[in-house]
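Here, each number is a calculation from the coordinates, and none is a lab measurement. Since the model is a prediction, treat every value here as computed from it, not as a measurement. Positions of Cβ are generated from backbone atoms using ideal geometry, with glycine treated the same way; all protein chains shown enter the neighbour counts.
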Amino acid sequence: MLSLLGLFIGAAAAVPFEQQPLAPSDGTAVIHDLAPQTPLGALSGASSQGLRGRFLHITDFHPDRYYKAGSSLEDDSCHHGKGEAGYFGQEGSQCDSPLTLVNETFRWIEENIKDDIDFVIWTGDSVRHDNDEEIPRNLDEIVEMNQYMAQKWIDLFGTRKPSHSNGVAQLSVPVVPTFGNNDILPHNIFRTGPNRWTKKFANVWNAFIPEDQRHSFVEGGWFISEVIPGKLAVISLNTMYFYESNSAVDGCKAKSEPGYEHMEWLRVQLQILRSRGMKAIIMGHVAPARSEEKTNWDETCWQKYTFWMDRYRDIVVASLYGHMNVDHFMLQDSHDADVDELSKTSGGGTVSAMSKTNYLGSLRKQWADLPTPPKGFFERLDSLTETQGKKEKKREKKMRKYLKKIGGQWAERYSVSLVSPSLVPNYFPTLRMIEYNLTGLEQVGLESVEGQTDLPSDSEVYVSPAADAQVKRKKNKKGKKKKKGPSFELPRPPSSTAPPGPAYSNQALSLLGYTQYFANLTRIDEEMQCNKNEDPRVEFEVEYTTSDEVYGLKDLTVRSFLELAIRIGQDGDISNKKKVKVNEAWRAFVERAFAGYVDVDELDEMNLVH
Ligand SMILES: *[C@@H]1O[C@H](CO)[C@@H](O)[C@H](O)[C@H]1NC(C)=O
Ligand SMILES: *[C@@H]1O[C@H](CO)[C@@H](O)[C@H](O)[C@H]1NC(C)=O
Ligand SMILES: *[C@@H]1O[C@H](CO)[C@@H](O)[C@H](O)[C@H]1NC(C)=O
């Protein structure tokens, strides 16, 4: 395997860098200022403290107690020999994280963001890789390391009296974990539950899994946590059952498969949330990547997931993943969800550093094929109905035609999955603060969320092809021998009068933006060498915000991401020298994918980015 990273070790990124404060938001700061400083305990803590409108997404810690600073980088483990391995980890390597980095990360969170967040999304892989034949992993190490990590959160958010509920720690802020493909042994292999992993982790995570979810968790390793009581739930998927590399299971089509059962469970949860007037954030470890270069999930699981996301588009706020260590996002196209077929294709394998750039390239290719909007479409969209005059009429017609293609004014044809880069310094260690809309939630628990007022001006209700097919099938039923339909209960679509969901139109709970943080281990290491610092620290700094000049996302709705994807997919060569137009969005996308570690100019020179 040709490692791109090898080529860049020591090659400092020469990208100009701008520090930015957390994007200010509508009054969230005020709410925070008024919040009492003492956590009041339990999951209801969120409401009693007043919401801050932010949460943390952190993933792929990969703590490794065998990591040795000053060891050799040669075998990618940083366990042996003499060499360059850094004190806080080795940026740009395949080595895992030393506990010094884990400790410093929690210290930084405590000192800088602990009081600014409402909950934590923690997407797995909380133990080292199995990459050292001399020290193979065992069950005890995996469980103990996960216990260590769980304890870190309990130390951070535990309230003073862990009294009631049989000694289970009470947290001031809900933390929602999920299984990573390395949190089990052998890695990737996760059998139907209940199994020893679901049983062990039910204990390891007992401070995070709500009491009434423990049974469900032991059954399949999945659960739901109401992070804002009565308003917002986080659904922790066990993506091991969807993962191509898990050879112990086989997709989501057959009733006997845990993947099938998991999708049924997900459908029921979303249906319940709908009936309760609640919304959901979906999270998991392995992201539903599906491109020419990379497929993570079994196709039948991807099909169902995409269909579910389409049917519950009024409920799902966002979907957040880890595993890939590369900062990016993906679009799921509901036109690709074919419930009748649910056919099985294969793909997969691990992503090498080299194929990561190919993977990003394949995303760009996908996005280049997105329906091309008329000129100025996104800028003009909000004033669509105010247009008059002949010329305007013509333009309006074009716009409406385009709207039809993308599923109406809110681009409901698509759903989005966000992938956060890792804490383990494959590039630089990172973490992500996500901001959401608090409108109407200031008095959560006392009042219900205000209903939507901004109905689509067009009031054209989007019907996905999959939904269409379902209707036709129902009609066929009355005829003679109908085509055999799917073996599962079809999820119900939103009611035809339901306003667009928070993933589509900016409203209470919609994601507004995120701030991506990273720690420049190269600089920290240099500073340690120079002044022989007695008390070395890891400080995270802002890498970028989604509302900055390049991305310019005014919120994180699907339409905003669609617009960005279209921009990234557009022509324009990354190379300046040939005097071709530079696509700044694509350039930033690649640079951010690698947390600013890799110099995009060099990638360009090597023709890896095109
Ligand atoms: C990490 O922190 C724990 C206590 O919080 C401490 O016992 C341990 O020695 C620290 N480990 C390292 C490697 O700094
Ligand atoms: C939050 O949603 C409301 C609509 O419910 C909207 O008016 C407001 O502008 C949104 N806030 C932000 C900061 O986007
Ligand atoms: C990280 O620090 C090094 C050394 O100070 C510097 O050359 C490099 O530009 C920094 N990288 C980023 C992304 O800030």
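Could you compute the FRET efficiency for residue 74 and residue 155, with r as their C-beta to C-beta distance and R0 at 35 Å, rounded to 0.05? Step by step, r from the Cβ atoms, then E = 0.50. Cβ crowding within 10 Å, taken as a proxy for footprinting-reagent exposure, orders 530, 301 from fewest neighbours to most as 530, 301.
Longer than 28 Å from Cα to Cα, which of 356/401; 152/554; 279/554; 114/279; 294/405 are they? Say none if no pair is. The pairs that break the limit, which is 28 Å between Cα atoms, are 356/401; 152/554.
Residue order for 215, 328, fewest other beta carbons within 10 angstrom first, comes to 215, 328.
Between the beta carbons of residue 245 and residue 554, assuming R0 = 30 Å, the FRET efficiency works out to 0.20 to the nearest 0.05. A Förster radius of 41 Å, combined with the Cβ-Cβ distance separating residue 463 from residue 199, puts the computed FRET efficiency at roughly 0.40.
Label sites at residue 99 and residue 383, each approximated as a point 7 angstrom past Cα along Cα to Cβ, lie 6.1 nm apart.
Only Cα pairs under 8 Å and 6+ residues apart enter the sum, and on that basis the relative contact order of the stretch 203-302 stands at 27 percent.
Extending 7 Å from Cα along the Cβ direction at residue 292 and again at residue 523 yields two label points whose distance is 3.8 nm.
In this simple spin-label model, placing a label point 7 Å from the Cα along the Cα-to-Cβ direction at both residue 134 and residue 338 gives a separation of 5.2 nm. Fully extending the segment from residue 112 to residue 368 would add 88.2 nm, taking 0.36 nm per residue of separation and subtracting the current Cα-Cα distance.
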